[in-house]
Amino acid sequence: MDRRDFLAGTAASLPLALAGCLGSSGDGGGDGDATQTPESTTDDGPLSSGDEVSLSGDRALTVADFDASAFVVSKDGSDRTVHSAKTTRYVHVALKPDGIDDREAFAADNVTLHVNDESFTDPVFPLGGGPSQYVAAYPVPTDVTPYTASVEVDTGDTTATWELDARAIEDITQSVDYAVSDVSLPEAVEPGATFTADLTVSNAGDAMEFVVQYEVGGSTGRESYDVPAGEETTLELELTAPSTTGDSDDLTVALDWGGRSVSETVAYETTTSS
């Protein structure tokens, strides 16, 4: 076994499924529920989760839910990307648009997450969602301990603020403290053979979901694992070598868990007939 240490101080958070699974509290009706329009709230005071605000151009927006996670998987063009960062959690803001076509651009340009006296923009957008709801995920450092939080929309002619309630703030204050302390690959593999990449994850924080994306000889995939709180866990990632070697004597294996990636070459083990 070719064994090397890869230290990574990437962050972890709640033991949730991948971001983008938010939305179970939505109406689930999509475009077919047009007659069940939620009541519009236009008061100058702060709004609560589930309230809708009317915007110019016959548009409206509802902040539907809040949550957090360690990893976010988004899609940029044809590529799926795993996002995580050292000492960072992702706070998810589930948004229900009405009449907003460029949904991600709208959130990036007009929606801000406030935690205490700090403001966060530049969200990433997880896979999933649909016409009735989508999620903007804001990276928030884990050294920020929320005691107040809100979401603000400012389109230039309309401003509205949704305040997070105590339960929502509690959801984004989980302990985050993990590192990938070791990655192990075999020294050699046979063409077409299945082999294992082992990742040792030391988790000193709360239980979490760990996500790793891989590329082996041009084939890509992604796996997720539940990692218990306060334990060191070895994750076994089952991979398959290409059935033909082409002109190469070795195989490149790349692993990416957002905040850190590694790339190693593994020799092809071929047999010679006598």
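Give the ranking of D58, D102 by solvent-accessible surface, highest area first, calculated with a 1.4 Å probe.
D58, D102
Taking amide H positions as placed in the peptide plane 1.01 Å from N, state which residues far from D182 in sequence (5 or more) or on other chains have amide H under 5 Å from it.
F6, T200
Need one word for segment 68-173: rounded, prolate or oblate. Basis is the Cα gyration tensor (sqrt eigenvalues a ≥ b ≥ c); a/c below 1.5 gives rounded, then a/b vs b/c decides.
oblate
How much net charge surrounds D102 when only the other residues with a Cβ under 14 Å from the Cβ of D102 are counted, with Lys and Arg +1 and Asp and Glu -1?
-2
Could you sort R260, R59, R80 by their accessible area in this structure, using a 1.4 Å probe and putting the largest first?
R80, R260, R59
Given axes a ≥ b ≥ c from the Cα gyration tensor, I'd like to know whether segment 207-261 is rounded (a/c under 1.5), prolate (a/b larger than b/c) or oblate.
Prolate, because a/c is 1.5 or more and a/b exceeds b/c.
Nearest 0.05, what FRET efficiency do D102 and D247 give at R0 = 45 Å with Cβ-Cβ as r?
0.45
Are there any GluC sites (Glu not before Pro) in segment 186-220 that are in a DSSP loop and have at most 16 other Cβ atoms within 10 Å? List them by number.
Here the GluC sites (Glu not before Pro) that fit, given the DSSP loop and packing criteria, are E187.
Report ³J(HN,Hα) in whole Hz for each residue of segment 60-74, in order, from the Karplus equation J = 6.51 cos²θ - 1.76 cosθ + 1.60 where θ = phi - 60°; Gly and Pro get x.
8, 9, 10, 8, 9, 6, 9, 6, 7, 7, 7, 10, 10, 10, 10
The values are calculated or read from the model by the stated rules, or taken from the named source; none is laboratory data. In this text, all values refer to a predicted model and were calculated from it rather than measured experimentally. Every residue, glycine among them, receives a Cβ derived from its backbone with ideal geometry; neighbour counts consider all protein chains shown. Heavy atoms of the whole protein, side chains included, go into the accessibility calculation; ligands, DNA and RNA do not. Shrake-Rupley method; radii C 1.70, N 1.55, O 1.52, S 1.80 Å.
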